[in-house]
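K.L.:
What follows is a structure written as structure tokens; I'll ask about it next.
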Amino acid sequence: MATPVVTLPARPTTSPARAAADLVRLARPGQWAKNILVIPLAVLDAPVWRLGMIGQILWAIAAFTLGSAVIYVINDIADRERDRRHAVKCLRPIAAGRISLGVALAYAAVLVVGLAALLVGRPIAAWWPIPVYLALNFAYSYRLKHAPLIDVLVVAAGFVLRLWQGHLAIGATHSDWLMITVFSVCVLLSLGKRRHELVVSGSQHRPALRGYSVQLADHLILLTSALTIAGYLFFISTLASVGSLAGLATLISTPCAFLALFRYLQTVMVDEGGGNPVRVLLRDRTMLANSLVWLAVLSAVLITAHA
């Protein structure tokens, strides 16, 4: 009886253009919106607006984008074997074999050098959230992401560090309630993502999911939703930068805050979505239209207060 011949899959060939595209993909440009959305929130705490703030905010966004890109590469390196067993994540450049481990490590080193170039010449007191973010997320990639409950708290802490960096960049004192609101929003989005993963693929791909259930996720989502809306209302009603218009800002923005929260809960619990929080926030028509109205009314109040 003849011995059966096993044909191994050929190693993927990559053109220079495809390799460059894969390197960009490793940096997760679709996730850069996190920095663009969170860091500029620091201007809400600025008592006086200055034109120079724009440059400082752009610098903070660029620095955090490079820092987060380093983490995305490290995360894909750490998860390469697990990603190969996932129906979608197996297409990631490292998991698919289009980017070798050596190239990925070299790419991460180049990103670190670029980040260092942005930070050089500035006192560490002006950018300490970035190395803290790198250290925290390195620990997340190799250990903390596998710890149920702790995983979502670590992810949310990264967003607080983004916001803190925005405050340091423009020299504004941070509001505790704004920090709490951002933290709770990010915990909420992370819980929604965990719930979606449980519904779609169970607990096999992500070890931390073994410590969750859909019922637990639902309870935690509702608890966090309450904290989120309470934190926002406390923040906006005590917003010093709008002075006597704080009451008006609270009144006209509360319906937008409730609609955003309600629509997200509908997406997660009714539509079984929430797997990609950035997509929910930026591509959902209801969420996008509500956000534009919310931004317009708050901008009008802020401009009036600073006029």
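K.L.:
Can Ala296 be described as of a type in the set (A, V, I, L, M), modelled with pLDDT of 90 or more and more than 30 Å from Tyr140 (Cα to Cα)?
P.N.:
Taking the combined requirement at face value, the residue satisfies it.
K.L.:
Let me ask something additional. Counting just the residues of region 140-172 that are of a type in the set (Ser, Thr, Tyr) and surrounded by 17 or more Cβ atoms within 10 Å (Cβ to Cβ), which one comes out nearest to Tyr72 (Cα to Cα)?
P.N.:
For region 140-172, the residue satisfying everything is Ser141.
K.L.:
Something else about it: Please list, ordered by first then second residue, the pairs with beta carbon atoms under 6 Å, 6 or more apart or interchain, first in region 281-307 and over 15 Å from Pro255 (Cβ atoms), second outside any helix (DSSP H, G or I) and open to solvent by 50 Å² or more (accessible area, probe 1.4 Å).
P.N.:
Close Cβ pairs satisfying both conditions: His306/Trp49.
K.L.:
Evaluate the following for Ala117: is it hydrophobic (A, V, I, L, M, F, W, C), under 22 Å from Ala33 (Cβ atoms) and assigned to a helix (DSSP H, G or I)?
P.N.:
Answer is no for this residue.
K.L.:
Of the residues Val48, Val120, Val70, Val132, only one is modelled with pLDDT of 90 or more and open to solvent by 70 Å² or more (accessible area, probe 1.4 Å); which?
P.N.:
On inspection, the qualifying residue turns out to be Val120.
K.L.:
Among helices (runs of 4 or more DSSP H) lying entirely in region 167-277, which contain 2 or more residues that are more than 21 Å from the chain's Cα centre (by Cα) and within 24 Å of His146 (Cα to Cα)?
P.N.:
Qualifying helices (runs of 4 or more DSSP H): 176-201, 214-237.
K.L.:
In region 140-150, what count of residues is obtained for those that are assigned to a helix (DSSP H, G or I) and modelled with pLDDT under 95?
P.N.:
6
K.L.:
Could you grab the pairs with beta carbons closer than 6 Å, sequence gap of 6+ or different chains, first residue in region 229-255 and open to solvent by less than 60 Å² (accessible area, probe 1.4 Å), second one of a type in the set (Phe, Trp, Tyr)?
P.N.:
Gly231/Trp177; Phe235/Trp177
K.L.:
Right, here's the next one. What about Ile77, is it part of a helix (DSSP H, G or I), open to solvent by 80 Å² or more (accessible area, probe 1.4 Å), farther than 17 Å from Gly114 by Cα and not charged (D, E, K, R)?
P.N.:
So Ile77 does not fit the description; no.
The values are calculated or read from the model by the stated rules, or taken from the named source; none is laboratory data. What you see is a predicted model; the values in this text were computed from it and never measured. Every residue, glycine as well, gets a Cβ built from its backbone with ideal geometry; the counts of neighbours run over all protein chains shown. For accessibility, only protein heavy atoms count, side chains too; no ligands or nucleic acids. Shrake-Rupley method; radii C 1.70, N 1.55, O 1.52, S 1.80 Å.
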